[in-house]
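The structure under discussion appears below in the form of structure tokens.
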Amino acid sequence: MTCTVIYLTLLALAASSRDMGIDLHVQLDNTTGENKNWVVICFVGWLVQIGYFRTARIFFLLKGDTKTELDQTFGVYMQMLARACLLKVCYLFKIVCAP
């Protein structure tokens with residue numbers, strides 16, 4: 001799944017004509033099963049080998065609560081969703097898209 005997400009993201013960037021730069025930096029959760037495995041490492045290395053990038057680096061977040069902005073935002077949404085009665089998908093969108 002991780003390789004698929006990286007691949008699809010790179011395809012979307014290429015289709016939008018955005019400059020992807022020459023160095024790839026990938027930040028992943030510190031999970032052994034999904035992110036820290038030979039397939040992900042080989043895929044990122046392959047992107048360098050075929051010339052898409054000059055260098056590639058993989059960063060793993062600290063184990064546990066990382067205190068990143070993403071984690072904080074996710075926590076706020078989870079609290080709001082836990083208090084809400086979501087009988088329809090449109091109710092979910094109202095909560096997530098609220099200013």
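A short reminder: the numbers here are calculations on the coordinates, not readings from a lab. As the structure is a prediction and not an experimental result, all values here were calculated from the model. Virtual Cβ from ideal backbone geometry, glycine too; neighbours counted across all protein chains shown.
The table below lists the values:
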{"quantity": "Tail beyond 19 Å, pair distance distribution of the stretch 2-60 (Cα, percent)", "calculated": "26 percent"}
{"quantity": "The stretch 2-60 - charge dipole about Cα centre, Lys and Arg +1 at Cβ, Asp and Glu -1, debye rounded to 20", "calculated": "100 debye"}
{"quantity": "Karplus-derived HN-Hα couplings along the stretch 53-59 (A = 6.51, B = -1.76, C = 1.60, θ = phi - 60°), whole Hz, x at Gly and Pro", "calculated": "9, 6, 9, 9, 9, 10, 10"}
{"quantity": "Exposure proxy ranking, count of Cβ atoms within 10 Å, fewest first, for Phe60, Phe74", "calculated": "Phe74, Phe60"}
{"quantity": "Most positive-pole-ward Cα, Thr9, Trp46, Phe60, against dipole of the stretch 2-60 from beta carbon charges", "calculated": "Trp46"}
